[in-house]
1. Within the stretch 269-297, find all residues whose amide N lies under 20 Å from a label point positioned 7 Å from the Cα of A377 along Cα-to-beta-carbon.
2. How do the peptides 140-146, 449-455 rank, highest first, by the average count of neighbouring beta carbon atoms within 10 Å per residue?
3. Rounded to the nearest 500, what is the 222 nm mean residue ellipticity of the chain from helices alone, with -39500 (n - 2.57) per DSSP H run of 4+ residues and division by all residues?
4. Which of the helices in the chain meet the span-like rule: DSSP H, Cα axial reach of 30 Å or more, Kyte-Doolittle mean at least -0.5?
5. F295's amide H: which non-local residues (gap 5+, or another chain) put their own amide H closer than 5 Å, with H modeled 1.01 Å from N in plane and none for Pro or chain starts?
6. Cα convex hull of the chain: how many Å³ per residue?
7. Rounded to the nearest Å, what's the spacing between the alpha carbon centres of the stretch 417-436 and the stretch 39-88? Just the number, please.
8. Please list log₁₀ I(q)/I(0) at q = 0.14, 0.18, 0.23 Å⁻¹ for the stretch 261-326, using the Debye equation with identical point scatterers on the alpha-carbon positions.
Amino acid sequence: MKKLLVILFLGTLVSCTDHFAELNTDKKSPASVPGEALFNSGMERFYHRLNNANVNTNVFRLYAQYWAQTTYPEESQYQMVGRSIPDRWFSTIYKDALKDLDEAKKIIAAESTNSETAPVQKNKLAIISINEVHMYATLVDLFGNVPFTQALDFENPNPAYDDAKTIYYAIIDQLDQAIADLDVTKASFSASDDLLNQGDTGMWKKAANSLKLRLAMRIADTDAAKAKSMAEAAVASGVFSSTSEDLSMEYISAAPYTNPAYEDLVLSGRSDFVAANTIIDKMVALNDPRLPLYFDQNLGDGVYEGGIYGTANSFPNATHMGARLYSATTPGVSISCSEVEFLKAEGAARGFNMGGTAEELYNKAVTAAIVEWGGTAADADAYLAQESVAYSTAAGDWKMKIGTQKWISLFNNGLEGWTTWRQFDLDFFNVPEGLTYSDIPKRLIYPIAEATLNGSSLSAAASAIGGDTPQTKIFWDAN
């Protein structure tokens with residue numbers, strides 16, 4: 001009997017070892033991941049952060065004073081630490097987005113090519129590079145000095161922080177190289193491997209130039225000559241020129257690929273946000289045709305009442321966001337045609353050759369912004385005919401005219417809306433009780449986790465920028 005058991009055991013052992021490698025391979029966790037999959041993963045994580053409305057992460061619709069809060073107003077009072085808001089942005093962009101793109105770039109660059117596939121590979125690498133620029137620019141715009149030259153190296157857990165302006169100029173060079181590398185006559189990613197432009201190389205070139213125009217206007221107050229050269233080159237090379245063109249993540253109705261704001265406003269089952277009185281009061285005063293497009297008429301036809309910014313508000317007694325914000329399939333736009341037109345109007349006002357006068361481009365920008373939200377050209381004409389809106393008669397200098405309309409147009413892009421307030425020094429924001437206008441943040445403070453994990457580098461960075469406070473300005477914010 002014992003002999004039989006030994007034979008059975010040995011037979012079992014031999015039969016198992018025949019398939020040892022197969023049985024010990026985790027088929028759900030592949031040893032290698034295609035670069036295209038990593039590119040998609042990094043882009044999805046970045047755009048999820050840009051478009052969500054969770055108070056633990058994306059507070060910029062609040063900072064831009066488009067939204068007010070109901071039960072918990074701490075974020076509208078600029079409390080960043082309790083929910084680790086800076087930490088979440090820092091971690092997501094570096095760990096989840098940039099690192100995925102960095103690995104995608106390595107994998108795709110290592111693939112063998114021939115005369116037909118080499119241009120496709122080059123286009124893919126250029127597109128990855130364009131999005132790396134977008135991500136690093138976002139980090140600088142949020143924090144100032146951040147890790148750059150030593151970033152993304154797992155063997156260096158304590159990377160130094162680079163000077164913000166130096167990073168900007170480096171990524172501008174990187175963007176120029178990517179634009180030069182793109183061959184619009186050749187393919188790039190397949191439609192299914194590109195969540196933003198579905199493999200349209202020509203649209204990636206327009207997106208890159210539109211991003212370049214944005215970065216040019218960022219530095220216009222600190223380096224007018226470089227801004228002029230960049231802006232004129234971007235426009236000449238081709239930027240977004242139609243309301244059908246933008247840089248956006250396309251979402252669908254099936255979870256988990258729904259618009260992140262929909263997840264926070266609808267799927268969460270919560271009623272945390274209402275329209276802020278800041279934007280409601282401004283749009284009502286201007287008789288803005290986008291009021292019923294931006295907002296619900298839950299208080300009655302033509303009645304809009306914004307929640308008091310910086311306080312707790314009653315959800316039933318304030319205006320709610322409109323249907324687009326409650327839709328699962330609303331695209332997550334990061335750069336729109338209307339933003340590009342406003343950037344061109346700003347350039348023209350500064351004396352740059354943007355293909356039209358500041359007034360002409362301002363009118364085009366306002367029209368595009370209205371049409372993008374479902375309004376008509378006739379709506380835009382009537383709006384622009386008003387003395388309070390017309391470029392020649394609207395209140396303030398060119399910065400106030402363009403900045404106000406640009407801010408209104410960016411209603412669903414909180415980060416750029418807040419940045420517009422920072423750049424144009426808009427003077428009509430509301431101040432939460434107990435604070436002053438100067439308390440409205442100019443940047444996010446550095447992540448708390450960095451103080452623990454990379455303390456010496458963080459301390460050096462804080463000293464270099466003049467202090468790790470929300471009031472410390474980013475280098476391009478000269479005024």
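Every read-out reported here was derived from the displayed coordinates using simple, explicitly stated rules and does not represent laboratory data. Small disclaimer: the values here were computed from a predicted structure and weren't measured. Cβ atoms come from the backbone with ideal geometry, glycine included; neighbour counts cover every protein chain shown.
1. 289-290
2. Values: 140-146: 24.0, 449-455: 14.9.
Ranked by mean Cβ neighbours within 10 Å, highest first: 140-146, 449-455.
3. It lands at -14500 deg cm²/dmol.
4. Helices meeting the criterion: 118-143.
5. Sorted by chain and number, the residues that satisfy this are G322.
6. On the way: hull volume 91.0 nm³, N = 479.
Normalising the Cα hull of the chain by residue number yields 190 Å³.
7. So the two Cα centres are separated by 17 Å.
8. The Debye formula, applied to the Cα set alone, gives -0.38, -0.63, -1.00.
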